[in-house]
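Everything below concerns the one structure shown next.
The values are calculated or read from the model by the stated rules, or taken from the named source; none is laboratory data. No experiment lies behind these values; they were computed from the predicted model shown. Every residue, glycine as well, gets a Cβ built from its backbone with ideal geometry; the counts of neighbours run over all protein chains shown.
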Amino acid sequence: MDYQQIDILEDKINMAIELISRLRKENRQLEQQNSELLERAEKSETALKMLQEEFQHLTAIQNETESYQKREKVIKDKVEAMLSKLDSIQFSV
């Protein structure tokens with residue numbers, strides 16, 4: 001092997017070392033990004049669960065409110081009917 005071949009081999013080894021170093025650095029950065037994204041995903045999942053629970057709670061309240069409104073309308077209609085009957089009785093007397 002002559003010196004020129006050794007120089008070429010040395011250059012290739014140096015390039016490979018640089019490539020490995022760059023890839024390791026990229027790998028660390030990607031691992032960090034992955035960790036951050038996993039943390040964000042967990043926080044988002046927790047927030048989503050809380051929102052779903054709140055939505056269920058609000059839906060239950062809405063259903064209860066609608067039920068009360070229906071009852072109120074029935075009572076109001078009955079009271080109006082009774083008042084109408086009273087008015088008709090007063091006018092006939």
Check SER35, SER21, SER84 and return the single one that is modelled with pLDDT under 95 and either out of contact with any Asp or Glu (no Cβ under 8 Å at 6 or more places or on another chain) or among the aromatic types (Phe, Trp, Tyr) (or both). SER84
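Matching residues to (1) surrounded by 10 or more Cβ atoms within 10 Å (Cβ to Cβ); (2) within 24 Å of the chain's Cα centre (by Cα); (3) of a type in the set (D, E, K, R):
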site	(1), (2), (3)
GLU10	yes, no, yes
GLU45	yes, yes, yes
ALA81	yes, no, no
GLN90	no, no, no
